Amino acid sequence: MSSSNPGDHRDTSDTVQLLQRAQAGDRKVLDELFTKHRERLRRMALLRLSPSLKGRVDASDVVQEAYLEACRRVPDYLETRPMPFFLWLRFLTGQTIAILHRRHLGTRARDPRREVSIHGDSMPEATSESLAAQLLGKVATPSQVVGKAELRAHVQDALNMLDAGERQILALRHFEQLSNAEAAQELGIKEAAASKRYIRALVRLRGILAGMKITLSSPDLAGP
C-alpha cells in the first residue's frame, strides 16, 4: 500500500503496517486493530446512546455489533482507505447506534430541543443529559442522589446555553477524547481552527458554570 494513501497521514505507522497485512490477506489482524480502539468506541457509545435505552442496550454490545460490521466491510475499506481506520470504526459504531435508536425509539430518536448533531445526519447525537452525566460521573453514595440530580439538571442547563458548534467540539474533544487532528477531520476544518474552537468552548462552559456558581471537582474541566 502506498504511503500516499489518503488514510496514511492520520494512522500510526503500526496501524498502517497492520492494514497492509490485512490487505495482503491476513484478516486476523483486524482483531488486534479493533482491540486497540475498543475502549474509545465504547466511550463514544456511552455518550451517543439515548438515555431512554438505558437497561435495554449496553455500550459493549454496540461495540461488538460494530466489530462484526467492520469484519464484513473491511475489504471495501481497504480498497480506498477514505479515512483513518479509527474514524472508520467510529463511523460504523455511529451507524450501529443510529439503527438501534430507530429500532427502539422510532421517531423519538431525535429531539432537536435537547440534542446536538455531532456528525450531520449520519452520526447519532449526544444529549445534554449524556454530556452532563459524563461531567458528573456516578453518584458515590445513596445520600447524594438528590443533590446529584439537581446539580446534573443545572449542568445540563449550562450545556444548553452553549451554541451547537461549541457543544459539538466539546463532545468530540473533551468527552470522546478525539485528538485535535481527528476532530478537525470529522468537522472538515483545519487543525488550528479546531484547536481554537475547542479552547473557546471550554472557556465559555467554565464561565457559564461559574456564573451559575457551580464548581465541579471533576478534573474534566482542568483544561485542554
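Values quoted throughout were computed directly from the atomic coordinates according to the rules given, and no laboratory measurement underlies them. Everything numeric here is computed off the predicted structure, so don't read it as measured data. As a convention, Cβ positions derive from the backbone with ideal geometry for all residues, glycine included, and neighbour counts pool all protein chains shown.
Side notes on the structure shown:
- Sorted by Cβ neighbour density within 10 Å, fewest at the top, the residues Arg152, Arg90: Arg152, Arg90
- Here Gln64 and Lys190 are evaluated by their C-beta separation; at R0 = 41 Å the FRET efficiency comes out at 0.70.
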